[in-house]
Amino acid sequence: MLLGLITVLLIGILLVSFINQVIQSANLEAQRAALEVEVAELRRNNDELRAAVDYAESDVNVERIAREQLGYAREGDIVVLPQLVVPTPAATPPPAATALEAPPTRANALRWWDILLTPQQP
């Protein structure tokens with residue numbers, strides 16, 4: 001009976017240990033898969049960066065920057081420097097004066113009389 005109890009206890013310990021090993025193996029496998037995805041993404045990013053560095057160091061890019069940003073030209077190139085011409089406005093004749101009818105004028109004394117002695121409307 002003691003031998004049977006020890007055997008059951010030993011099998012239980014081995015079973016618990018085996019289950020822990022299986023769980024740990026599954027966790028490590030999931031971690032490995034996640035790391036593989038991350039490595040693939042980093043490799044793709046690295047390839048893009050290498051391509052960008054290769055283009056930045058290429059003769060084509062160096063020449064483009066020299067021409068566009070630094071204003072350089074190759075030997076034998078014809079450099080055209082455009083000059084900004086400000087157009088002068090054409091002289092336009094002033095508009096013709098239109099005859100305005102002058103209002104009938106009153107004597108200055110009568111205008112003062114109206115201003116000072118005429119009752120104001122509220």
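Of these, Leu5, Leu14, which one is part of a helix (DSSP H, G or I), more than 52 Å from the chain's Cα centre (by Cα) and surrounded by 10 or more Cβ atoms within 10 Å (Cβ to Cβ)?
Working: Leu5 fails: surrounded by 10 or more Cβ atoms within 10 Å (Cβ to Cβ).
When all the criteria are applied, what remains is Leu14.
Could you list, in sequence order, the residues of segment 46-85 that are in a helix (DSSP H, G or I) and among the hydroxyl-bearing types (Ser, Thr, Tyr)? Steps first, please.
Going through segment 46-85, the residues in a helix (DSSP H, G or I) turn out to be 46-56, 59-68.
Within segment 46-85, just Tyr55 meets the criteria.
Could you tell me whether Asn46 is in contact with a helix residue (DSSP H, G or I) (Cβ under 6 Å, 6 or more places away or on another chain), of a type outside the set (A, V, I, L, M, F, W, C) and at pLDDT 85 or above? Before the answer, list the steps.
Details: in contact with a helix residue (DSSP H, G or I) (Cβ under 6 Å, 6 or more places away or on another chain): no; of a type outside the set (A, V, I, L, M, F, W, C): yes; at pLDDT 85 or above: yes.
So Asn46 does not fit the description; no.
Any idea which of (1) at pLDDT below 85; (2) surrounded by 10 or more Cβ atoms within 10 Å (Cβ to Cβ); (3) not polar (S, T, N, Q) is the one Glu63 doesn't satisfy?
Of everything listed in (1) at pLDDT below 85; (2) surrounded by 10 or more Cβ atoms within 10 Å (Cβ to Cβ); (3) not polar (S, T, N, Q), Glu63 misses just condition (1).
Look through Leu116, Leu100, Leu110, Leu42 and report the one residue that is of a type in the set (A, V, I, L, M) and in a loop (DSSP other than H, G, I, E, B).
Within the list Leu116, Leu100, Leu110, Leu42, the selection yields Leu100.
Going by the structure shown, is Gln21 polar (S, T, N, Q) and surrounded by 10 or more Cβ atoms within 10 Å (Cβ to Cβ)?
Yes: the conditions hold for Gln21.
The values are calculated or read from the model by the stated rules, or taken from the named source; none is laboratory data. Please read these numbers as outputs of a predicted model, since none were measured by experiment. Glycine also receives a Cβ, built like all others from the backbone with ideal geometry; neighbour counts cover every protein chain displayed.
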